1. Give me the extension gain from Gln90 to Arg15: residue separation times 0.36 nm, minus the current Cα-Cα distance, reported in nm with one decimal.
2. Tell me what the chain gives for mean residue ellipticity at 222 nm when only DSSP H runs of n ≥ 4 count, each as -39,500 (n - 2.57), the sum divided by the residue total, rounded to 500 deg cm²/dmol.
3. Sorting check: for 80-90, 19-29, which peptide has the highest mean count of neighbouring beta carbons within 10 Å, and how do the rest follow?
4. Dividing the convex hull volume of the alpha carbon atoms of the chain by its residue count, what do you get in Å³ per residue?
5. Do any chymotrypsin sites (Phe, Trp or Tyr not before Pro) in region 1-80 lie in a loop, going by DSSP, with at most 15 other beta-carbon atoms within 10 Å of their beta carbon, and if so which?
6. Count the net charge of all other residues whose Cβ sits under 15 Å from the Cβ of Gln8, scoring Lys and Arg as +1 and Asp and Glu as -1.
7. Any lysines with Cα under 22 Å of the Lys51 Cα? List them, leaving off those in the same chain fewer than 8 positions away.
Amino acid sequence: MSEYEITQWRKRLERKGWLGLSRSSPPINRLVEYHVVWQGWLISGRCVLGKEIKDDWWEPGTPQYLLSRKHGISDGVWRLAKDQRAEVGQLRRKYEPQQ
């Protein structure tokens with residue numbers, strides 16, 4: 001996967017209303033949905049930043065780490081969840097660009 005492919009992936013999502021992580025940071029205490037390319041993985045999920053256990057905040061791979069620290073992030077997007085009561089969680093899969 002090239003930087004170009006990742007940038008095109010992000011731009012496609014931005015056209016659908018997502019916000020790029022490099023342009024704006026997710027709010028605290030609101031449910032957000034996100035997609036992040038990190039170390040060859042596409043990590044997607046929902047979380048409320050600020051509600052994590054403080055000891056785990058900066059553990060690599062946690063939502064706080066991925067969305068706030070952005071260390072090792074190739075690119076990413078987020079948006080406010082339409083249903084603020086939706087379930088939180090995270091999925092991780094190998095990043096495979098669309099053709």
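Derivation of every value follows stated rules applied to the coordinates shown; laboratory data play no part. Quantities reported herein were computed from a predicted structural model and do not represent experimental measurements. Because the Cβ atoms are built from the backbone with ideal geometry, glycine has one as well, and the counts that use them run over all protein chains shown.
1. Full-extension gain reported as 24.7 nm.
2. -4000 deg cm²/dmol
3. Listed from highest to lowest mean packing, they are 19-29, 80-90.
4. That works out to 97 Å³ per residue.
5. Trp57, Trp58
6. Working: positive: Arg10, Lys11, Arg12, Arg15, Lys16; negative: Glu3, Glu5, Glu14, Asp75, Glu96.
In short, 0.
7. Once the sequence-local lysines are set aside, what remains near Lys51 is Lys70, Lys82.
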